[in-house]
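Novice: Dropping the structure in here first, questions after.
What follows is calculated from the coordinates using simple rules that are stated; it is not laboratory data. Quick caveat: nothing in here was measured; it's all calculated off a predicted structure. Here the Cβ positions follow ideal geometry from the backbone for every residue, glycine too, while neighbour counts run over all protein chains shown.
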Amino acid sequence: MKIHEYQAKALMKDRGIAVPEGVVATTVDEAVDAVGTLIESTGNPVVVVKSQIHAGGRGKGRFKEFPDLGGVTVVLDGIDGGVDAARAKVRDLASKMLGSTLVTIQTGDEGKTVNTLYIEQGIDIATELYLSVVLDRSTSRNIVMASTEGGTEIEVVAAETPDKIIKEEIDPAFGLLDFQARRIAYGLGFEGDAFKNGVKFLKMLTAAAVELDTDLVEINPLVVTTDGRVMALDGKMSFEANALYRHPDVVALRDPSEEDVAEMEAKEYGLSFIKLDGSIGCMVNGAGLAMATMDIINYVGGEPANFLDVGGGAEKDQIAAAFKIITADANVKGIFVNIFGGIMRCDIIAEGVVAAVKEVGLEVPLVVRLEGTNVELGKQIIDESGLNVVSAQDMKDGAVKIVELAR
């Protein structure tokens, strides 16, 4: 689960982590009002208008409707013109940004609609750095990654100058140790007050990552101010889905408008669903079998349109819901139902498929491969349904048939 920058910074601030002051705005008037509030409270005439979407690269992104306008804009008008000039500029920016489509390197060409802005105080920056706490699933430990190349995508740094990435693995029994924090601080070039503040920042951020069960906390850029403070100028957080039951306050931060509608519907029915870019819809029971099904579709020349695992104990209504989710995707040109009945009975799958097809209709080819518990009954239910369904003898046979039919 992902959250917006302003939400991530609120979680940081609650834990003593230094962030700039900011105000959330969902309307033009709220954005304009935020300008006076920030300038008055901070004494800094510079403000920054930030688009809030679940994607990185906002500063370099561009709006479809306003190609010259980026997703993050620094407003300097208040320096010479005062609060009124800053308000006028923010009014113009907010009227363009709200409701428009921001395209970044992470959104793809379709972009994302900006519904929220974050108006933030300007900061006197001395240095820009990169910092993240990433869950390494291969070791089940958090890793701190830091670099002096702040403001640059870490993927670019890793590819072009990997020697500039500092890494420290965190032992979950002890957390980030003092010597590790100091080693990172030295590597980032902290000196004087910045060194002391940087070590403190690192310790608090890594502790927050553990407390919140994050799989990623990324600050790009992390900044050192001209007076030696260390602050999160940006903030991205994503959370381990299986731990969300421990964090109802985090769940409350979910923004449905930023999530895929099909994936949200699947969650309501207890289904595991991820939309992909192909044309072959897949309905499978078990994550391993689902992965193998996608692999074999690729192997025979097709591209899966989704990962959909109905699990081992799905009921008929869940199967029907899964089928509806697949058929709602306009890119799907064929559907492959691949079920191995262990705990899941083949007749339950068959009944769910038949019920769903009769309700939503079937406009694309459907291939069904059933094996396991009550397989003969399942096949009988489908054969007697009167539906135009192609049976498969095994997984490869089914994959070949659906790819050919979809073409």
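Novice: How far, in nm, would the chain grow between Lys96 and Lys164 when pulled straight, counting 0.36 nm per residue and subtracting the alpha carbon separation? If you can, show how the numbers build up before the last one.
Specialist: Details: separation 68, 0.36 × 68 = 24.48 nm, distance 3.82 nm.
Net length gain for the segment: 20.7 nm.
Novice: Hey, can you rank 52-60, 1-9 by average C-beta count inside 10 Å, highest first?
Specialist: On the way: 52-60: 19.3, 1-9: 22.2.
Highest to lowest by the protection proxy: 1-9, 52-60.
Novice: Right, something else. Which of rounded, prolate or oblate describes the range 286-407 when judged by the alpha-carbon gyration tensor and an a/c cut-off of 1.5? Before the final figure, lay out the partial values.
Specialist: Values: a/c = 1.35, a/b = 1.17, b/c = 1.15.
It is rounded, given that a/c, with a ≥ b ≥ c, falls under 1.5.
Novice: Taking R0 as 30 Å, what FRET efficiency do you get between Arg15 and Met264 from their Cβ-Cβ distance, rounded to the nearest 0.05? If you can, show how the numbers build up before the last one.
Specialist: Details: r = 29 Å, r/R0 = 0.96.
The calculated FRET efficiency here is 0.55.
Novice: Residue farthest toward the positive end of the dipole of the chain, with Cβ of Lys/Arg at +1 and Asp/Glu at -1: which of Ser95, Gly386, Leu212?
Specialist: Leu212
Novice: In terms of the Cα gyration tensor, with a ≥ b ≥ c the square roots of its eigenvalues, is the chain rounded because a/c is under 1.5, prolate because a/b exceeds b/c, or oblate? Don't skip to the answer; put the middle values down first.
Specialist: On the way: a/c = 2.74, a/b = 1.89, b/c = 1.45.
Note, shape of the chain comes out prolate.
Novice: Just name one of Leu117, Leu76, Val32: the one whose Cα is farthest towards the positive end of the charge dipole of the range 21-121 (beta-carbon charges, Lys/Arg +1, Asp/Glu -1).
Specialist: Leu117
Novice: Sticking with this one: Using mean Cβ contacts within 10 Å as the protection proxy, how do 388-400, 270-282 order, highest first? Spell out each step's value before the answer.
Specialist: Details: 388-400: 16.8, 270-282: 19.8.
Going from most to least packed, we get 270-282, 388-400.
Novice: Continuing with this model, one more query. In debye to the nearest 20, how big a dipole does the range 323-404 give about its Cα centre with +1 on each Lys and Arg Cβ and -1 on each Asp and Glu Cβ?
Specialist: Details: 8 positive and 12 negative charges, 35 e Å.
It comes to approximately 160 debye.
Novice: Can you give me the relative contact order of the chain as a percent, contacts being Cα pairs under 8 Å and 6 or more apart? Mind showing how you got there, number by number?
Specialist: Values: 837 pairs, mean separation 49.3, N = 407.
For the chain, the relative contact order is 12 percent.
Novice: Let me have the 222 nm mean residue ellipticity of the chain computed from DSSP H runs of 4+ only, each contributing -39500 (n - 2.57), with the sum over all residues rounded to the nearest 500.
Specialist: Working: 13 runs with 157 residues, N = 407.
My calculation for the chain gives -12000 deg cm²/dmol from helical runs alone.
Novice: How far is the Cα center of the range 277-321 from the Cα center of the range 35-75, in Å?
Specialist: After rounding, the separation between the Cα centres reads 41 Å.
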